[in-house]
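> Pasting a structure here, questions to come.
Only the coordinates and a few stated rules stand behind these numbers; no lab work does. In this text the structure is predicted, and so the values were computed from the model without any measurement. Methodologically, a virtual Cβ is constructed for each residue, glycine included, from the backbone with ideal geometry; neighbour enumeration extends over all protein chains shown.
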Amino acid sequence: MRIGVFSDVHGNLEALNEVLDALKEESVDRFICIGDVVGYGPDPNACVEKVREISDAVVAGNHDFAAAGRISTADFNENAAQAILWTQANLNPDSAHFLHELPMVFEYGDITAVHATPESPAEWHYILSENDAKRSLAASPTLICLVGHTHVPCIFVKDPEGGISLKEDHQVHFRSGEKYLINAGSVGQPRNGDTRAAYGVLDTEEGEFHFGFREYPVEKVQQKMARAGLPLWLIERLALGQ
């Protein structure tokens, strides 16, 4: 089975369309969204509709729950909080209900999917280091743990002796005795210095995972954000990949 993995869409419809086209070209059989369908971007309802239509599983991100009123924005920075207020004002009731009811964790076979961390999904911690990855891999009950939240694509590997390493390339072949924590990066607001929308493909038959990246019309999204009155920094950072 080939599974398309994507995360952190953040209301960016143009980027989402490119990623879904890319995944269809990669002949994936199923789609998993690792949260934050909304927040930051100008098209929350259209993104919810597309993700809901195509995905076999969607887990909640902190922006999803904030937009749906399940958590506060007390821990959000000023720009993120402003974007959530705008999103709340523009979400239709059906989209808000869908986001409100999302599960925080999804398990399927050898795969766990969670937006932040498997050990404390409701705390919304970031996995930024090998020590962070070690805690999450210890808490994950499955061979593969798929996460999002940092907007940076990366792969951490736990070897049979318990050592943790960060893979430097954009793919990994699964080996017996190892466990894997994979961050799919961000569709709608990359922060790895690459402006392209990121996604991944998990091939359970071949036993491998690889990243993919697609260009999308950044300026078109920026124009839509400006017309909506969204914060300037959120608009500018799309052209920086930060």
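> Scan around Cys145 for amide H atoms under 5 Å from its own, H built in the peptide plane at 1.01 Å from N, and keep only partners 5 or more places away or cross-chain.
It is Thr112, Tyr180, Leu181, Ile182, by chain and number.
> As an exercise, identify the GluC sites (Glu not before Pro) in the range 200-242 lying in DSSP coil whose Cβ has no more than 13 other Cβ atoms within 10 Å. Mind showing how you got there, number by number?
Values: sites: Glu205, Glu206, Glu208, Glu215, Glu219, Glu236; in loops: Glu205, Glu206, Glu215.
Answer by residue number: Glu205, Glu206, Glu215.
> For the range 6-16, in order, what is each residue's ³J(HN,Hα) by Karplus, 6.51 cos²θ - 1.76 cosθ + 1.60 with θ = phi - 60°, in whole Hz (x at glycine and Pro)?
Karplus values, whole Hz, x for Gly and Pro: 8, 8, 6, 5, 6, x, 9, 5, 4, 5, 4.
> For the range 195-213 and the range 144-165, compute the distance between their C-alpha centroids and round to whole Å.
One Cα centre to the other: 14 Å.
> Of Ile71, Pro153, Ala22, whose Cα points farthest to the positive end of the dipole of the range 2-237 (charges on the beta-carbon: +1 Lys, Arg; -1 Asp, Glu; origin at the Cα centre)?
Going by the Cα projections, it comes out as Ile71.
> How big is the dipole moment of the range 2-237 about its Cα centre under a simple scheme where the beta carbon of each Lys and Arg is +1, that of each Asp and Glu is -1, and everything else is neutral? Debye, nearest 20, please. Let's see the in-between values first.
Details: 19 positive and 36 negative charges, 99 e Å.
Dipole magnitude for the range 2-237 comes out near 480 debye.
> Across the range 89-104, in residue order, what do the Karplus-derived ³J(HN,Hα) couplings come to in whole Hz, using 6.51 cos²θ - 1.76 cosθ + 1.60 with θ = phi - 60° and x for Gly and Pro?
Working through the residues one at a time gives 6, 10, 6, 7, x, 5, 5, 4, 5, 4, 5, 4, 9, 5, x, 8 Hz.
> To the nearest 20 debye, what charge dipole does the range 43-109 have about its Cα centre, counting +1 at the Cβ of each Lys and Arg and -1 at the Cβ of each Asp and Glu? Walk me through the numbers before you get to the answer.
Details: 3 positive and 10 negative charges, 22 e Å.
Dipole magnitude for the range 43-109 comes out near 100 debye.
> Shifting gears a bit: How tilted is helix 130-139 with respect to the longest principal axis of the chain? Cα atoms for both, answer in degrees (0 to 90, nearest 10).
Its long axis makes an angle of about 80 degrees.
> Still on this structure: Please order Met104, Met225, Met1 by the number of other Cβ within 10 Å, starting at the fewest. Please report the intermediate quantities before stating the final value.
On the way: Met104 16, Met225 24, Met1 11.
Lowest count first: Met1, Met104, Met225.
> Next question. Quote the relative contact order of the chain in percent (integer), defining contacts as alpha-carbon pairs under 8 Å separated by 6+ residues. Write down the numbers at each step before the final one.
Numbers: 566 pairs, mean separation 56.5, N = 242.
Normalised by residue count, the contact order of the chain is 23 percent.
> Let me ask something additional. Based on Cβ point charges of +1 for Lys and Arg and -1 for Asp and Glu, what charge dipole magnitude is obtained for the range 1-70 about its Cα centre, in debye rounded to the nearest 20?
Values: 6 positive and 13 negative charges, 54 e Å.
With only Lys, Arg, Asp and Glu charged at Cβ, the dipole is about 260 debye.
> Also: If you average the alpha carbon positions of the range 53-117 and of the range 13-34, how far apart do those two centres end up, in angstrom?
19 Å
> To continue, here is another question. From the phi angles alone, apply the Karplus equation (6.51, -1.76, 1.60; θ = phi - 60°) to the range 207-223 and give each ³J(HN,Hα) in whole Hz, x where the residue is Gly or Pro.
Running phi through 6.51 cos²θ - 1.76 cosθ + 1.60 with θ = phi - 60° gives x, 8, 9, 9, 8, x, 9, 9, 5, 8, x, 4, 4, 4, 5, 4, 5 Hz.
> By the gyration tensor of its Cα atoms, with a ≥ b ≥ c the square roots of the eigenvalues, what is the shape of the chain: rounded for a/c under 1.5, prolate for a/b over b/c, or oblate? The partial results should precede the final answer.
Details: a/c = 1.66, a/b = 1.50, b/c = 1.11.
The shape class here is prolate.
> For Ala57, enumerate residues with amide H under 5 Å from its amide H, sequence gap 5+ or separate chain, H modeled in the peptide plane.
Sorted by chain and number, the residues that satisfy this are Phe31, Cys33.
> Separate question: Within the range 55-153, list the GluC sites (Glu not before Pro) lying in a DSSP loop whose Cβ has at most 12 other Cβ atoms in a 10 Å radius.
Numbers: sites: Glu78, Glu101, Glu107, Glu119, Glu123, Glu130; in loops: Glu101, Glu119.
Hits after loop and neighbour filter: Glu101.
> To continue, here is another question. Would you mind getting me the FRET efficiency between Ser165 and His100? Use the beta-carbon distance for r and R0 = 51 Å, nearest 0.05. Don't skip to the answer; put the middle values down first.
Numbers: r = 38 Å, r/R0 = 0.75.
The formula returns an efficiency of 0.85 here.
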